[in-house]
Every structure is written in structure tokens, then in C-alpha cells.
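Novice: I'd like to ask you about the structure that follows.
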Amino acid sequence: MPFHYDKDADGIVTLTMDMSGSANVMNTEYQELMGEAVSRLEGDEITGVIITSAKKTFFAGGDLNVLIAITPENASQALEGVEELKSQLRRLEKLGKPVVAAINGSALGGGFEIALASHRRIVLNDNSIRVGLPEATLGLLPGGGGVTRMVRLLGVQKALPLLMEGKQLRPERALQAGIVHQVVETREELISEARAWILANPEPVQPWDVQGAGVPDLKFGDPNSYGLLAAAPAVLSKKSHGAYPAPEKIMATAVEGAYVDFDTALKIEGRYFVELASGQVSKNMITAFWFNLNEVNGRASASGRKVAKLGVLGAGMMGAGIAEVSAKAGIEVVLKDVTLESAQKGAQGLSGITPTDSDDDLEGCDLIIEAVFENRELKNKVLPAAEAQALPDAVIASNTSTLPITGLASAVSAPERFIGLHFFSPVPKMRLVEIIRGEKTSEETLQRALDYVRQIGKTPIVVNDSRGFYTSRTFGTYVIEAITMLAEGVAPALIENVARKAGMAVGPLAVSDEVTLSLQLKIHDQTLADDPSLVSESAAYDLIREMVSLGRTGKSGGAGFYEYPSDGSKKFLWPDLTTRYAKADAGVSEQDVRDRLLFVQSLETVRCLDEGVLTSVADANIGSIFGFGFAPWSGGTLQFINSYGVQAFVERADYLADTYGERFRPPASLRERDRF
């Protein structure tokens, strides 16, 4: 039986969850097993119950294959299933006997809801273990009683951040947050402490079942509650811009549930859960953050090699960041720059990194990553010098964001060992690494690159060589489209606000300042010099040249599209932008601004797929969200097209092409598709 039922001489039942498959998940099998187990417990003479797991994890949560299949048409059936799951947990916590969750591995989502329905939660102090309710990160809310119990356990103010941000906590942090009762050091202690607590507490009652209990910080008619109720929606709106329904429904569930009895609150929770599960945003987010992400992270590698010694060329912001994350992963790192002083500055305060100005110190490196300025001549100079000192079979990589890898590979003696490893800034925070295969990059080199990216805890996508590859090329369309609209007379504040409201991580004018306008010009001019057919002069680049001529090169130069006050106060759009460029009758609606920004990126992604730069939909979606901040609610650039409806997207794109230019004309391949 996949739920092992073992009763000892003291009458304590250990219920060990061991479902078919690699993890315990909430699906039809679970519902049957838990239903049978609760019925057996109700009919047995017992002293108490210990719930634990035979798996590496305690319980993995809901079955996302089931959840993604919920639609408005089958929503009522899904609600019945949710109500049955909650009924089982309600019966468990009202057995009249103590129930202890002995959490021996991660307990997330539905798994932590099982733990919340237990009278005591004891967790193993293992740093790999996480507990919490991350449903919001998949566009859902905890529908198995998670919102209702957390709010009554902690109060609205403490519970909402955990619920709305989907936080996953390590054991000690969970103890501090008050969502577990005890942390123990060994598996043996998990069971022994659970048994001891059961024997010492024969008739426990959940906090929410105590007579007169309610929500700690939210009382009906209490004026002290009004401030929280008034402020919370405004704070949420500022963060989500209305693009994410899950946090809104979590807040509604918490507040509405606070003013009714516990069982009615559970019903409110169930209805909001099914509303979210049957909606498009949850399907987008589940597709990207579960199925696509697992595909990208699950690529098998045959190399089995770990990097022992890494040489990083260039101790600027990117090089220092690469050195930092590699050293933290236990890799010996040599950080080289033109001067020892520059190298020391890049390595400042970081252990495991040797700063140097000498190629000799690169001896023995099995991986070299070049991270110098985007200048082909400089790269061609430093790469062969480093290769000469590294191990004979070392992988040589470039962190270039735009220059084709095949061309850079000509600087080294073994182009088959050359590859692109494109990191994103700031390196310690950004999860993605774009791996770029050159024309001569060997399969072994690719596999070793994949292994290194996993070794440092990053998420890899793999693309083929092209100018700008996938991420820089596609992200560039976002920025240039915004500047094109600015040149057309669209108000700069409208462009920035619509972009954020659409879910983009940063407004396009703000991010232009971050990467610097002068760099955009250099990349454009380098491309023009290399292959004039790839670019054309446009109003956007005319505007950028004008800004640079005014000394407004971006944030690092102290001024760009935004002003950066010397007193450190908040940046603001340069007022002259409006007077110089904005027109009262620009003729571009807010909806058109939004669609131009989103569609131009999705269309460029389709072209990358058509050209073989991208080879998988998963790489496209994950690369767009993690690499350049494409709206997470959409599930990525290609999932955005799926959710829009491919043919509806084509029709809208044709309108944009007719109105604003051929860059919006959908490729023939898109017209023939049903979905990605």
C-alpha cells in the first residue's frame, strides 16, 4: 500500500506516504489513499498519528498535469475534487487525537497544506529542505486550506507576504516565521520527538478551532484593522500592475475569509482557487515555470566533468560577477585584468579568487571565460594568450552579448573548444546563462559548458550562433521599438508606464540608460560595418545619436532618458524629452503601445526559431523571462502567442505591420501554426 499504516504498542500510527512515481503529489491516487487512511484512522483505536514520507521530499504539491487541464468547462468538477481534498484534511485535524507532520524533506504547496492540517510540524534541519506555499509563482493560490490556515495562524499582515510572494523557507527560517514548531538534527529525532509530543498532548486543538478564535490582526468592526485593509490593495497594485490575478485573489481570500467561520472560509478559498486554475495566466506560468523550466534544467550531460580551475579575463562588473558565483560554487578562480590593481578591485572582499595581471597564472585552468569590453580586437588579443597557458583540452568561452561566436573562435587554435557563455547583469542575481554554439563548437564542449552552468547553480539555455544570439537580439527590439515610438511623438511616461503595466521587468527607456545609449550605438555601428544588410538607419538611432551628442549617454554617464540627481534621490524622466519629442496627436493608442512592445519581441523570437538560432520552445520562453524580463505572467515570448491564439496574434500583427511597419509582419511559418 502506497500509504504505509504502522501502529506501535503505544497506539501511535506512523502514516508513511510512498506514492507511485518519484514524489508524492496531490492527484487522484493521493485523494483515494488519503481518504482511505483518514477513514481507517477514524475507525481505529489510536493514540496519535505521525505523517512522514518514504520519498526524498516530504510531499511535492499538486499534480500540475491535472491543474493545467482545469478549464471553465470542467471547473465545477474540479471544485468538487478540491472540496474533497480539504474535507479529508479537515477530518484529519478533527480526529480528536494528536497529528504530527514529521517533515523529512521539502514540503511545498499541497505538501505544506498537509503539514498545516497537523497539530504539530517538526522539520529536519537540512539546508536543502524548503517549506512553504509557492502557488502564487505559478499563477495559483493554495487551495487545500493553505490561505485559510496561514491567515489564522499568523494573521493577515504576516501571512500575506508569504502567500502572495510564494516564499519557500529553509527550516530555521520557517521556525522563525512561526510556520513550523520545531527543528531537529536527525531523522531519528523526527520520529522520537513526534512520539514524545503525541504522548504529552493527548487532546490538541488547532488554533482556529479554539472557541472564539479568529484572525489575530483582523477583527470585524475594529478600526485598527482599517489601515491594513486600505493600504494592502494599493501596495499590491503598485507591484503587480494588475497583470497577476493570483496575489489579488489570495488577498481577497484572506480578507473575505477572515470575516466568516473557518469552514466557510475554506469554501471561499476553493472557489477562488478554481477561478485561477481555469484562467489563462496560471496556464502560462505553469507552462513556463514548471514544464519549460524542468525541460531546460533536465538536459542530460554525458561529460560528467566539473570545472576545477577557472580563468576569468576582465575584472569589470561582469567578470567579477562570474568570478564570484564560480568561487562560491567551490571552483578555484583566477581573475585577470590589465593591471593587478584592477584585478584586485574586482576580487575585493571575495574569497577563493586570485587576482592577477599575468597570463602565467592561468596555467592549469580547464575553463577560460573572456569578459572584456565588446571590442573584437581586444577579445582577439586576450583569448589566444589565455589559451596558451590553460590546459590543452580547456574550454575557451566568451561572455560576449552580441558578437558572433564563430568569428571570435578564429582567434584560438582549437575552435571546436570555443563556446559562448553569455551571463546577465548582475551575475549573482540573474539565473540565466545563454550558451552559444559556434559553427565548429564540439558536442563535448557543449556538454562541459552545460555542466559548468549547473555547477554554479544557474539555468542554461542553448542557442546557435547569430549576431546578438537570442536574448540580446530579441531584447534589442524591445528597446528600439520604444525609442521609435518616442521619435514618433509618443509621451515617454506613457511608454514606460505601459511597459511596466504589461509586466515587463523594467521600462525600455530606463533599461536603455542601464546598458548605455553609447553602447547601443557601438553595437549598431559594428553591425553596420560587418554586414550592412543586417541593419538600417532609423528614427530610433537618429534619436540615440542626438542624445549622445548632448552628453546624455545613460546612467553611468550621469544622464540619459532619465535624470539621476546627485543627491541620490529617485531618478525621473528628463523633462526635455517631452518638450523635444512628444506630440499631443502622436496617434498611437495605449493598446498599440503595449502590443508594439510585446509583439515585436515575440515576432523576433519566431524568427530566431525559424533561423535555427533557437532549437526549442522551452529555451525561448525561459530565456525571455529570465534573460530580458519578458512579462512572466505570459509564460514567455512564444507562450504569449499561444495564449493570445496564434491566428488572432497573426491578425493583430498584420494590423501593426500595416500601421507601423513591416517589422510586425508575421513570418509564413507562424501563419501555418496552431500553437508552439
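The values are calculated or read from the model by the stated rules, or taken from the named source; none is laboratory data. Quick caveat, the model's predicted, so the values are computed rather than measured. Note that we place each Cβ from the backbone using ideal geometry, even for glycine, and neighbour counts take in every protein chain shown.
Novice: Scan Ala136, Ala115 and give me the residue that is in contact (Cβ under 8 Å) with a residue 12 or more places away in the chain, part of a helix (DSSP H, G or I), in the same structural domain as Thr52 (by TED's automatic domain parsing) and under 22 Å from the mean Cα position of the chain (by Cα).
Specialist: Ala136
Novice: Separate question: Could you give me the residue pairs with C-beta distances under 9 Å whose first residue belongs to the range 273-296 and is at positive phi and in a helix (DSSP H, G or I), whose second residue is modelled with pLDDT under 95 and of a type outside the set (Val, Ile, Thr) wherever it lies, and which are 6+ apart or on separate chains?
Specialist: Listed by first residue and then by second, the contacts come to nothing, as the list is empty.
Novice: Which of the following residues is of a type in the set (Lys, Arg) and either at pLDDT 90 or above or in contact with a helix residue (DSSP H, G or I) (Cβ under 9 Å, 6 or more places away or on another chain) (or both): Lys522, Lys501?
Specialist: None of the others qualify; the one that does is Lys501.
Novice: Give just the number: which of (1) outside any helix (DSSP H, G or I); (2) within 15 Å of Gly146 (Cβ to Cβ); (3) not acidic (Asp, Glu) does Ala243 not satisfy?
Specialist: (2)
Novice: Can I ask one more? Looking at this structure, is Arg173 charged (D, E, K, R) and free of Cβ contacts under 8 Å to residues at least 24 places away in the same chain?
Specialist: yes
Novice: Further question on the same structure: Hey, does the range 638-654 have a residue that's crowded, with 24+ Cβ neighbours inside 10 Å and of a type in the set (Phe, Trp, Tyr)?
Specialist: So far as the range 638-654 goes, yes, one or more of its residues are crowded, with 24+ Cβ neighbours inside 10 Å and of a type in the set (Phe, Trp, Tyr).
Novice: Further question: Taking into account only those residues within the range 338-359 that are in a helix (DSSP H, G or I) and not hydrophobic (A, V, I, L, M, F, W, C), which is farthest from Ala385 (Cα to Cα)?
Specialist: Only one residue fits best here, namely Lys345.
Novice: Right, another one. What are the residues in the range 251-310 that are hydroxyl-bearing (Ser, Thr, Tyr) and over 30 Å from Ala232 (Cβ atoms), if any?
Specialist: Ser301, Ser303
Novice: I'm trying to understand the selection: among the residues of the range 360-381, which are crowded, with 22+ Cβ neighbours inside 10 Å and either part of a helix (DSSP H, G or I) or acidic (Asp, Glu) (or both)?
Specialist: Passing the criteria: Leu362, Glu370, Lys379.
Novice: On the basis of being in contact with a Pro (Cβ under 9 Å, 6 or more places away or on another chain) and among the polar types (S, T, N, Q), does Thr615 make the cut?
Specialist: no
Novice: Scan the range 401-436 for residues that are among the basic types (Lys, Arg) and surrounded by fewer than 23 Cβ atoms within 10 Å (Cβ to Cβ) and jot them down.
Specialist: Hits for the range 401-436 are Lys429, Arg431.
Novice: Please indicate, with yes or no, whether at least one residue in the range 551-558 is within 19 Å of Ala499 (Cβ to Cβ), surrounded by fewer than 22 Cβ atoms within 10 Å (Cβ to Cβ) and of a type outside the set (Lys, Arg).
Specialist: Scanning the range 551-558, I find no residue that is within 19 Å of Ala499 (Cβ to Cβ), surrounded by fewer than 22 Cβ atoms within 10 Å (Cβ to Cβ) and of a type outside the set (Lys, Arg), so the answer is no.
Novice: Same structure again: Show me the helices (runs of 4 or more DSSP H) entirely contained within the range 578-676 in which 2 or more residues are in the same structural domain as Ala510 (by TED's automatic domain parsing) and closer than 22 Å to Ser512 by Cα.
Specialist: Counting at least 2 such residues, we get 590-610.
Novice: Return yes or no: is Val25 surrounded by 14 or more Cβ atoms within 10 Å (Cβ to Cβ) and in contact with a Leu (Cβ under 8 Å, 6 or more places away or on another chain)?
Specialist: no
Novice: Within the range 88-112, take every residue that is closer than 24 Å to Leu138 by Cβ and over 27 Å from the mean Cα position of the chain (by Cα) and give me the one that is surrounded by the most Cβ atoms within 10 Å (Cβ to Cβ).
Specialist: Ala101
Novice: Taking strands (runs of 3 or more DSSP E) that do not extend beyond the range 1-92, which have at least 1 residues that are aromatic (Phe, Trp, Tyr), under 23 Å from Val123 (Cα atoms) and modelled with pLDDT of 95 or more?
Specialist: Per the criteria, 3-7.
Novice: Of all the helices (runs of 4 or more DSSP H) wholly in the range 153-235, which have at least 3 residues that are within 23 Å of Gly48 (Cα to Cα)?
Specialist: Here the list reads 187-200.
Novice: Next question. Given the structure, is Thr474 at pLDDT 95 or above, in contact with a helix residue (DSSP H, G or I) (Cβ under 8 Å, 6 or more places away or on another chain), crowded, with 22+ Cβ neighbours inside 10 Å and β-branched (Val, Ile, Thr)?
Specialist: The answer is yes for Thr474.
Novice: Consider the range 558-610. How many of its residues are closer than 30 Å to Gln647 by Cα, within 32 Å of the chain's Cα centre (by Cα) and small (Gly, Ala, Ser)?
Specialist: Residues in the range 558-610 being closer than 30 Å to Gln647 by Cα, within 32 Å of the chain's Cα centre (by Cα) and small (Gly, Ala, Ser): 2 in total.
Novice: Report yes if Ser589 is over 21 Å from Asn297 (Cβ atoms), of a type in the set (S, T, N, Q) and in contact (Cβ under 8 Å) with a residue 40 or more places away in the chain, otherwise no.
Specialist: It is false that Ser589 is over 21 Å from Asn297 (Cβ atoms), of a type in the set (S, T, N, Q) and in contact (Cβ under 8 Å) with a residue 40 or more places away in the chain.
Novice: Right, something else. Please enumerate the residues belonging to the range 592-641 that are of a type in the set (S, T, N, Q) and without any contact (Cβ under 8 Å) to a residue 60 or more places away in the chain.
Specialist: The answer is Ser602, and nothing else.
Novice: Of all residues in the range 315-344, which are out of contact with any helix residue (DSSP H, G or I) (no Cβ under 8 Å at 6 or more places or on another chain) and farther than 18 Å from Asp451 by Cα?
Specialist: Scanning the range 315-344 gives Met317, Met318, Gly321, Val338, Thr339, Leu340, Glu341, Ser342, Ala343, Gln344.
Novice: Looking only at residues in the range 545-570 that are free of Cβ contacts under 8 Å to residues at least 24 places away in the same chain and among the charged types (D, E, K, R), which one is nearest to Leu519 (Cα to Cα)?
Specialist: Step by step, filter the range 545-570, then rank; the result is Glu546.
Novice: Next up: Gly178 versus (1) loosely packed, with under 15 Cβ neighbours inside 10 Å; (2) touching a helix residue (DSSP H, G or I) at 6+ places or on another chain (Cβ under 7 Å); (3) at pLDDT below 95: which is the lone unmet condition?
Specialist: So the condition that Gly178 fails would be (3).
Novice: Return the only residue of Asp222, Asp209, Asp217 being in contact with a Phe, Trp or Tyr (Cβ under 9 Å, 6 or more places away or on another chain), of a type in the set (Asp, Glu) and surrounded by fewer than 18 Cβ atoms within 10 Å (Cβ to Cβ).
Specialist: Asp209
Yes/no per residue for (1) outside the structural domain of Ala414 (by TED's automatic domain parsing); (2) hydroxyl-bearing (Ser, Thr, Tyr):
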position	(1), (2)
Glu443	no, no
Gly457	no, no
Val490	yes, no
Ala502	yes, no
Gly507	yes, no
Ser512	yes, yes
Thr516	yes, yes
Thr527	yes, yes
Ala540	yes, no
